[in-house]
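Just below is one structure, and these are the notes that go with it.
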Amino acid sequence: MKTLFISDLHLSPDQPELIRLATDFVAQQVNVDAFYIVGDIFNTWLGDDLVPTEFDPFIQALQNLQQQGSKIYLMVGNRDFMLGKDFARRVGGTLLEDPIMIDVYGHKILLMHGDSLCTDDVSYQRYRKVVRNRLLQKLFLAMPLTVRQGISDKIKAKSKQQKQNKPAQIMDVNPAAVRQVMQQYNASLLLHGHTHRPAIHTLQSSQNISNYRIVLGDWQPDASYIEITPEKIRLVDKRLPEGQAILSLN
């Protein structure tokens with residue numbers, strides 16, 4: 001019994017090695033109860049009607065995993081927030097809200113992409129509120145491909161320029177935002193991606209009980225994933241001191 005979580009693959013048609021890495025990872029999985037992708041599967045997503053053929057092997061691997069009996073769950077991120085239910089259906093998966101409480105072998109986990117926790121980045125939070133507007137998304141999807149691509153390219157260029165002028169700390173999660181959302185959902189375990197800073201953080205609650213924040217890494221250049229069994233949580237990432245970090249659930 002195991003459940004897997006990945007995030008921040010940032011797949012792009014012009015990075016075939018990364019697509020192959022992700023495809024091989026999915027294809028190698030067996031006896032997986034559930035497979036979660038917690039946002040930013042793709043580096044850019046212009047709509048479910050415009051899926052680059054370069055992603056076909058990865059999509060096929062997800063379809064095969066689902067056909068083997070694994071449940072597939074998808075969450076959008078800050079790069080692929082236009083990903084929708086049509087794509088989820090294509091891979092046999094379910095599109096999740098952000099945030100959402102899930103149950104994994106009797107353990108309650110608050111699952112998020114993580115960008116909404118970076119509240120110190122005020123300009124990004126304003127941008128996030130605008131692009132998540134349902135009406136604006138419908139208008140965007142009604143535009144021709146060339147227009148969508150042009151808008152996307154301008155947004156990415158502006159974002160890249162802004163990041164160069166932002167202190168690194170404001171692009172990480174805000175501790176108060178973490179406490180607030182965990183209290184709101186009465187969660188003792190938070191799992192998210194987005195920041196590309198893989199780690200298992202121990203947090204202290206007001207009752208002096210340990211809570212935990214687990215952060216998935218990105219896939220540049222190697223796979224980063226979480227494996228949960230009834231007994232433990234294992235974060236596997238080569239950037240960690242021993243290549244992994246383990247949290248006992250007993």
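Readers should treat all values here as calculations from the given coordinates under stated rules, not as data from a laboratory. On a predicted model such as this, the values are computed, not experimentally measured, just so you know. Every residue, glycine among them, receives a Cβ derived from its backbone with ideal geometry; neighbour counts consider all protein chains shown.
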Under 5 Å, built H, 5+ apart or other chain: amide partners of T94: I72, Y73, L74
Residues V131 and D103, FRET efficiency given R0 of 35 Å [Cβ-Cβ distance, rounded to 0.05]: 0.70
Lysine pair number, Cα distance threshold 22 Å (strictly under), the chain, separation 8 or more or different chains: 23
For region 19-87 versus region 192-244, the gap between their alpha-carbon centres in whole angstrom: 21 Å
Region 55-111 - share of DSSP beta bridges that are antiparallel (%, nearest 5): 60 percent
Sequence of V91, V130, V51 once ranked by neighbouring C-beta atoms within 10 Å, starting from the fewest: V130, V51, V91
Share of alpha-carbon pairs per 10 Å distance bin for region 1-157, given as whole %: 10, 39, 35, 15, 1
Label-point separation, Q180 to L240 (7 Å along Cα→Cβ), nm: 3.0 nm
Ranked list, fewest to most other Cβ atoms within 10 Å of each Cβ, for H201, H10: H201, H10
Within-15-Å neighbourhood charge of L190 [Cβ basis; K, R +1; D, E -1]: 0
Potential lengthening between A142 and T229 on full extension [0.36 nm per residue; Cα-Cα distance subtracted]: 27.0 nm
